[in-house]
Amino acid sequence: MLQADLLIKNVKVFNSAFKHFYDSAVAVRAGRILYVGTQALNQIEAKATVDGGGQYLVPGLIDIHLHIESSMITPPAFSEMLLRNGVTTCVAEPHEIANVFGMDGVLSFLALSQKCAADIFYGIPSSVPSTALETSGGTIGTEDLHRLLQDPRVLCLGEVMDCRTLVQYPDSHIAQMVAAMQRERNMPIIEGHCPRFRGLALARILFCGVDSDHTEQTPQGMRERIANGMFVEIQEKSLTQEIIDFCVKNPVGGHFCFVTDDVMADQLQKGHLNRLVRKAIALGMPPEDAIYAASASPAARMNLRDRGSVAPGKLADFLLLDDLRQFRVKQVYKRGVLVKENKKENKAAGHFFPERFYHSVHLPLRTEKDFLVFTPPGSQAVHCRVIAVQPGTTFTEEQIVRLPATQGRLNWKSNSQLCLGTVFERHHGSGRVGMGLLTGSCLHAGAAATSYAHDHHNLFVVGRDERDMALAANMVIKNGGGICVVRDGKVLELVPLAVGGILSEEPAEQVGRKVACATAALRALGWQHENPIMSLCTVSLPVSPALKLTDRGLVDVQGGHIVPLFLEEE
């Protein structure tokens, strides 16, 4: 008799090769799958036998592109939430913590992930800072890359944020990082961030070795990427009817997968990669194709040959579903052991990080004077560049607005559609400040401040009133980081993020509730977006089109340079 630790009978097992379910059984030994089938069951003796009750047994989900920091919780808390949602493996890229603390931040995540129940692999942050148009707290260089590649949990070079610089400047920092990765590993996995690149520009990115893209997609862009050998990672904002129709009507299975990229703590309570699978099915993708795109396809992309399917020799990471189309996860098995959900909120287990990680906001308290915008001498009116925030995307547009000036100061409040945005450099005490104007789907009243601002994580403050802006900024400074929403001199919501200004050590559920309240407060003040906090935080992301704001000023993303707030008057 063949000995097994576990035998699960009476289940419909998903076969990844044929993308089909078969009535079968699964035997597990030493954390790996021993046998799948029914004919040889009389030759297997198991220590424990489970009747699956006709449920669907599918591989554990694999998310190969995410940032733990987006959840604003620590890796151990994040691991627990992954497993609750059927995600047994992920590849995280810690470029948020790296932008604050450099290599120390990355090593802290590697150390904390070592004993996590979910398997957390890593990509090396390739773009810290993401461009030369912002000031980060730390950097990651080629020597750091060499050191990190000694860890077997490091699988790839994380997303190349500034593809334009990569192809145009062979001696640039990002070009050196890509070249170093290619020297270190044969046929390396290099992740990309390639929004809107088409034609020759896209070909040049591929030629440099960047062969994936996870940014917002169109069917035309996705077709061109796949046709040219680029792997596409579909996050929720690209999970549209037209994208699903394209994936269903064309034989592109294995050339794309689903990823989450950024999931805030409040959304994490509602689901993770399982939510994307469910949404894809609801939009018309066959469940078998959706499961493949969240298991076998990402495993192949990251060369994780020991997982991604239910077959002999693979890790016994699998899920039991009682409803296939709703993708309702009833039980999660990790290495053949049932994951038992702890429904009680665990108390925060003290400080996980070095002491200096709790003192990262190096700024004096702000006053209303810090939000005055000075105009060129003698100006009575000026044309200003304005960031137009869009409700359905993190991309922005540039608008030009003419505004009056009084005694050398910009009277931006004369236009009721405008907000003031300010980025204070908070890592090195340089005193550098970038200022810009916002319109569109942003605040209609009050103010918001955040030290969680992609990717540099300086202090970003936006508002309609200088007093509210100062109060919001000071609440973040006093708490060592966080997100604060204010109106009429009153703090509406505060999310403290004491670790590097981007993470909390409170339980995931508690952080989620605070983030949900801050989200609701932003919406009440006019910031209309599916994810208002992400929309707010990416106003300062200088690699996402079209006009953004950092501590160095307004950034023309497509042009790759700083542009002045005021246009020259004719």
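The values are calculated or read from the model by the stated rules, or taken from the named source; none is laboratory data. These numbers were taken from a predicted model, which means no experiment stands behind them. FYI the Cβ positions are ideal-geometry reconstructions off the backbone, even for glycines, and counts take in every protein chain you see. We work out accessible area using only protein heavy atoms, side chains counted, and drop any ligands, DNA or RNA first. Shrake-Rupley method; radii C 1.70, N 1.55, O 1.52, S 1.80 Å.
How much net charge surrounds Q558 when only other residues with a Cβ under 9 Å from its Cβ are counted (Lys, Arg +1; Asp, Glu -1)? Combined, the nearby Lys, Arg, Asp and Glu give +1. Residues whose amide H falls under 5 Å from that of C156, counting only those 5 or more places apart or on a different chain, are I124, with hydrogens built in the peptide plane.
Could you give the length gained on full extension between E568 and A30, defined as 0.36 nm per residue of separation minus the Cα-Cα distance, in nm?
Computed gain between E568 and A30 is 186.6 nm.
Helical runs (DSSP H, four residues minimum) scored at -39500 (n - 2.57) apiece and divided by the length of the chain put the mean residue ellipticity at 222 nm at -7000 deg cm²/dmol.
Listed values for segment 209-224 are Karplus-derived 3J(HN,Hα) couplings in whole Hz (6.51 cos²θ - 1.76 cosθ + 1.60, θ = phi - 60°), namely x, 7, 10, 8, 8, 10, 7, 4, 10, 10, x, 5, x, 5, 4, 5, and x replaces Gly and Pro. Hull volume per residue, based on the alpha-carbon atoms of segment 293-332 and their convex hull, is 71 Å³. Shown for segment 390-509: the carbon plus sulfur share of the solvent-accessible area, taken with all protein chains present and a 1.4 angstrom probe, equals 44%. Can you give the percent of C-alpha pairs in the chain whose distance is more than 48 Å? Value for the chain (Cα pairs over 48 Å): 13 percent.
With r as the distance between the Cβ atoms of L2 and R183 and R0 = 56 Å, compute the FRET efficiency 1/(1 + (r/R0)^6) and round to 0.05. That gives a FRET efficiency of 0.75.
The residues of segment 464-540 expose on average 31 square angstrom of accessible surface per residue, using a 1.4 Å probe on protein heavy atoms.
Once you reduce segment 419-491 and segment 533-561 to the center of their Cα atoms, the two points are 15 Å from each other. Shown in residue order for segment 500-506 are the 3J(HN,Hα) couplings computed by the Karplus curve 6.51 cos²θ - 1.76 cosθ + 1.60 at θ = phi - 60°: x, x, 9, 10, 10, 9, 6 Hz (x for Gly and Pro).
For K9, the accessible area of its heavy atoms, probed at 1.4 Å with every protein chain present, is near 90 square angstrom. A cut-off of 5 Å between modelled amide H atoms, ignoring neighbours fewer than 5 places along the same chain, links D5 with V28, R29, A30, K47. Couplings 3J(HN,Hα) of segment 304-317, computed from phi: 8, 6, 8, 7, x, 8, 9, 7, x, x, 7, 4, 7, 9 Hz, in residue order, whole Hz [Karplus 6.51 cos²θ - 1.76 cosθ + 1.60, θ = phi - 60°; x for Gly and Pro].
Under a 5 Å amide H cut-off, with hydrogens placed 1.01 Å from N, C194 pairs with H214, T215 among residues at least 5 apart or on other chains. Roll a 1.4 angstrom probe over the protein heavy atoms and tell me the percent of accessible area of segment 139-268 that is carbon or sulfur. Carbon and sulfur: 50 percent of the exposed surface of segment 139-268. Heavy-atom accessible surface of segment 106-235, averaged per residue, reaches 41 Å², computed with a 1.4 Å probe. Of the peptides 456-462, 195-201, the order by per-residue mean of other Cβ atoms within 10 Å, starting with the highest, comes out as 456-462, 195-201.
With Cα atoms defining each centre, segment 175-240 and segment 1-67 are spaced 35 Å apart in the structure. Charging the Cβ of each Asp and Glu at -1 and of each Lys and Arg at +1, and nothing else, the dipole of the chain about its Cα centre rounds to 1080 debye. Each Lys and Arg contributes +1 and each Asp and Glu -1, all at the Cβ; summed about the Cα centre of segment 456-523, the dipole is approximately 140 debye. Its residues counted as N, segment 114-261 yields a C-alpha radius of gyration over 2.2 N^0.38 Å of 1.08. Per atom type, segment 1-129 shows carbon and sulfur on 50% of its accessible surface, probed at 1.4 Å.
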